[in-house]
Amino acid sequence: MFRRDFVKSALTATGATLAGGTAAAFNTAAPKAKNNFKLAYAPHFGMFSNSAGKDPIDQLKFMADNGFMALEDNGMMAKPVELQTKIGETLAKLGMTMGVFVVDKGGNSQNTLAAGKQAHVDIFLDGCKRAVETAKRCNAKWMTVVPGDFERNLPIGIQTGHVIDALRRGADILAPHGLTMVLEPLSDSPNLFLQTSDQTYEICRAVNSPACKILFDIYHMQKTEGHIIPHIDWCWSEIGYFQIGDNPGRKEPTTGEINYKNVFKHIYTKMKANNQHFIFGMEHGNSKPGKEGEEALIKAYIESDSFTI
């Protein structure tokens, strides 16, 4: 679905509103932009600071002016309440959609759901409750959840059961508000419990809730498992969100080995066939510094988005 059609029909397609707020999953008032991207790419704050300045609102306006339809901000929960609200209001005015933010662990970086410890589960559930309030302020629907590390002294099946139990309780908090946690398998460390897309698919099927889906980060999955398009197809029914980054280097498309034009074309075709919509978080760095690097990044997305059906 092209950008102009996406913003026109997304509200009807999702039919979702946030309890306590009126924000739909996708906004409909798209501004006139320099680029008419086919997919909803979501930059993060700082990605265009050399072109737009340090003020986050100015950065949002620059994103919209250049055709980017969404924003993601991992650290949204740590921002002041007033700024969260202002970001949400600005996104609505610009016709942009809020992508993911991370459900924080309240400073408990070692928290792991695989351990099955009540204290760890309580920290996670508290994060889900606070995430609901953040989502209302910034008009978000999706939030990233990482279950934490392996608990090496327990069998893998027991660990998996612990993670499923905790996620079911988290889904019960989020689902009444039309919110979805997206589980992200990562390649950062062999200690992390969630590693592959098929493992995440299995867990989402077991949780069995629209509030628990997969965050398919193409960069991480290229490193961990490769075979990107088949894995997307196998996991399709449980994918709720995509993230982007080329490999090696974790920079914009066209800078590494992933043929993003083909990957985007494949996803777009499946979206169109199934009347679905996704945000594509630009969770990567810029390959070049300064304004020149930001211009190169935009050109890379124009090139990667130029596929034909």
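Some notes on this structure:
- Some residue of segment 190-197 being surrounded by 20 or more Cβ atoms within 10 Å (Cβ to Cβ), aromatic (Phe, Trp, Tyr) and at pLDDT 95 or above: yes
- Here is the figure for segment 133-153: residues that are crowded, with 22+ Cβ neighbours inside 10 Å, among the hydrophobic types (A, V, I, L, M, F, W, C) and either more than 30 Å from Lys86 (Cβ to Cβ) or touching a helix residue (DSSP H, G or I) at 6+ places or on another chain (Cβ under 6 Å) (or both) total 2.
- Within segment 214-242, the set of residues being within 16 Å of Phe280 (Cβ to Cβ), touching a Leu at 6+ places or on another chain (Cβ under 9 Å) and either part of a helix (DSSP H, G or I) or not hydroxyl-bearing (Ser, Thr, Tyr) (or both) comprises Ile214, Leu215, Asp217, His220, Ile239, Gly240, Phe242.
- A single entry from Lys105, Lys117 fulfils the requirement of being more than 21 Å from Phe278 (Cα to Cα), of a type in the set (D, E, K, R) and at pLDDT below 95: Lys105.
- Cβ-Cβ under 9 Å pairs, at least 6 apart or on other chains, segment 186-213 side assigned to a loop (DSSP other than H, G, I, E, B), far side surrounded by 14 or more Cβ atoms within 10 Å (Cβ to Cβ) and among the aromatic types (Phe, Trp, Tyr): Ser187/Tyr219; Pro190/Phe150; Asn191/Phe150; Phe193/Phe150
- For Glu89: the one exception among (1) under 21 Å from the mean Cα position of the chain (by Cα); (2) in a helix (DSSP H, G or I); (3) within 30 Å of Gly161 (Cα to Cα): (3)
- The residue pairs whose first member lies in segment 99-120 and is in contact (Cβ under 8 Å) with a residue 60 or more places away in the chain, whose second member is of a type in the set (Phe, Trp, Tyr) and assigned to a loop (DSSP other than H, G, I, E, B), and whose beta carbons are closer than 9 Å, counting only pairs six or more residues apart or on different chains, are Thr112/Phe150; Thr112/Phe193; Leu113/Phe193; Ala114/Phe150; Ala114/Phe193.
- Tallying residues that are surrounded by 20 or more Cβ atoms within 10 Å (Cβ to Cβ) and not acidic (Asp, Glu) within segment 251-264 yields 7.
- Some residue of segment 124-132 being within 20 Å of the chain's Cα centre (by Cα), surrounded by fewer than 22 Cβ atoms within 10 Å (Cβ to Cβ) and part of a loop (DSSP other than H, G, I, E, B): no
- Residue within segment 294-308 that is within 19 Å of Glu184 (Cβ to Cβ) and assigned to a helix (DSSP H, G or I) present: no
- Restricted to segment 154-189, and to residues there that are surrounded by 15 or more Cβ atoms within 10 Å (Cβ to Cβ) and hydroxyl-bearing (Ser, Thr, Tyr), the residue that is farthest from Ile218 (Cα to Cα) is Thr160.
- Scanning segment 41-86 for residues that are closer than 22 Å to His277 by Cα and among the β-branched types (Val, Ile, Thr) gives no hits.
The values are calculated or read from the model by the stated rules, or taken from the named source; none is laboratory data. In this text, all values refer to a predicted model and were calculated from it rather than measured experimentally. As a convention, Cβ positions derive from the backbone with ideal geometry for all residues, glycine included, and neighbour counts pool all protein chains shown.
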